[in-house]
Amino acid sequence: MDKIIKVGSRCSELALKQTHIVIGVLKEHFPEYEYEIVEIKTIGDKILDKTLDKIGGKGLFVKEIESALLNKEIDLAVHSMKDVPTVMVEGLKIGAITKREDVRDVFIGKNNLKIEELKSGAKVGTSSLRRKAQLLAYRNDLDIVPIRGNIRTRIGKIEEMDLDGIILAAAGIHRMDWNEKINDYISEDICTPAVGQGALGIQIRENDPLMDGIISVLNHRETEYTIKAERSFMRVLEGGCHVPMGAFCEIKDGMLSMIAVVASLDGKEIIRLGQSADLEEYTKLGESLAKEALDKGARHILDKIEGND
């Protein structure tokens, strides 16, 4: 190949910021290459008048980028791991997973209030069914309002829609250097994060040894293990944007420790679980936790949600 590496990215401010972070690391290790960002608009970026569960389908923020990769219009792609479906498109693979940022969700809102300090009936914006269900389980007196758009747009909706606040991922706010906007970090026990939240995945074509070697400098082994555990949990339950489901795995005392949640849309039915396993057992850990969730009634919750679609 020539000395230019084409890097596919979504067009949003945050996505480009993340892509620049990745390119910065690659430049340190491989200064002999030039790096060109190819901005690609995905269906999730184009349709902003519907919540993600109403658009339907998987890979709403990756499909068009994957097509560009398969068509050799780009050499690698930078994704938020939480957007990557658990079943990979044939011919592609996630070749590296970056070190995870803060995994938690945050509350950004008026008057520097925290979630527990909000008055009854307070309006909180989020388009995520996972966040909505868990917030209602924690505070069923809140009014959850659907909002879409990029991170800057959503923050703007606090004033525009007269919301008391919104829920976003801490990782995105940190990468934008907007930490001062955060009122409150929400504990993983109250709002278990999305699978893969806070980590970036570098996608390449299979059988591309050159790219494989180049992006290996980006891979963070501990993050890779934890995210593979979370994704194996989600793969068994077949959950995506359409299901209130979360999982978070971390390494504690040399072991994988994972919590997960499956909830009904209104948060009235909620299953929370946790298990530990050896580091190499990441796939088994996710599968075991998913089986426990099914034993405790997750299938009933999921079937009910699918019936509502």
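Of interest is the spacing of the C-alpha centroids, which for the stretch 235-270 and the stretch 130-153 amounts to 17 Å.
Ranked by the mean number of other Cβ atoms within 10 Å of their residues, highest first, the peptides 8-16, 156-164 fall in the order 8-16, 156-164.
In this structure, the amide hydrogen of Leu142, modeled 1.01 Å from its nitrogen in the peptide plane, lies closer than 5 angstrom to those of Gly121, counting only residues at least 5 positions away or on a different chain.
Roughly what angle does helix 151-160 make with the longest principal axis of the chain, taking Cα atoms, 0 to 90 degrees, to the nearest 10? Here the helix axis deviates by roughly 30 degrees. When +1 charges are put on Lys and Arg Cβ atoms and -1 charges on Asp and Glu Cβ atoms, the dipole computed for the chain relative to its Cα centre reaches about 560 debye. Principal axis analysis of the Cα atoms in the stretch 105-186 yields extents of 32, 23, 22 Å, listed in decreasing size. With contributions of -39500 (n - 2.57) from each DSSP H run of at least four residues, the per-residue ellipticity at 222 nm computed over the chain stands at -10000 deg cm²/dmol.
Among beta bridges from DSSP that stay inside the chain, the antiparallel ones total about 70%. Karplus-derived 3J(HN,Hα) values for the stretch 142-147, using 6.51 cos²θ - 1.76 cosθ + 1.60 with θ = phi - 60°, are 7, 9, 8, 10, x, 9 Hz; glycine and proline are entered as x. Annotation: lysines with alpha-carbon distance below 23 angstrom to Lys291 (same-chain offsets under eight excluded): Lys58, Lys82, Lys228, Lys252, Lys268, Lys304.
Each of Glu281, Glu117 was scored by other Cβ atoms within 10 Å of its Cβ. Listed from fewest to most, they are Glu117, Glu281. A viscosity of 0.890 mPa s and a temperature of 25 °C, combined with the Kirkwood radius over C-alpha pairs in the Stokes-Einstein formula, give the stretch 169-217 a diffusion coefficient of 179 µm²/s. Short-range pairs are left out: with C-alpha atoms under 8 Å and at least six residues apart, the relative contact order of the stretch 211-286 is 31 percent. Computing FRET efficiency as 1/(1 + (r/R0)^6) for Cys11 and Lys268, where r is the C-beta to C-beta distance and R0 is 41 Å, gives about 0.60.
Annotation: aspartates and glutamates with alpha-carbon distance below 16 angstrom to Lys99 (same-chain offsets under eight excluded): Glu222, Glu224, Glu230, Glu250. Rounded to the nearest 20 debye, the dipole magnitude of the stretch 206-309 is 360 debye, with +1 charges on Lys and Arg beta carbons, -1 on Asp and Glu beta carbons, and the Cα centre as origin.
The residues Glu32, Glu230, when put in order of fewest to most other Cβ atoms within 10 Å, stand as Glu32, Glu230.
For the stretch 233-308, build the charge dipole from Cβ charges (+1 Lys, Arg; -1 Asp, Glu) around the Cα centre, then report which of Met255, Thr283, Ile305 sits farthest towards its positive end. The listed residue farthest towards the positive side: Ile305. Rounded to the nearest whole Hz, the Karplus-based 3J(HN,Hα) values (6.51 cos²θ - 1.76 cosθ + 1.60, θ = phi - 60°) of the stretch 120-136 follow the sequence 4, x, 4, 9, 10, x, 6, 9, 8, 5, 4, 5, 4, 4, 6, 5, 5, with x at glycine and proline.
Annotation: lysines with alpha-carbon distance below 19 angstrom to Lys114 (same-chain offsets under eight excluded): Lys123, Lys132, Lys157, Lys181.
Laboratory data are not the source of any read-out in this text; all were calculated from the coordinates shown. Note that the structure is predicted; figures quoted are calculated from it, not measured. Cβ sites come from the backbone with ideal geometry, for glycine too, and all protein chains shown count toward neighbours.
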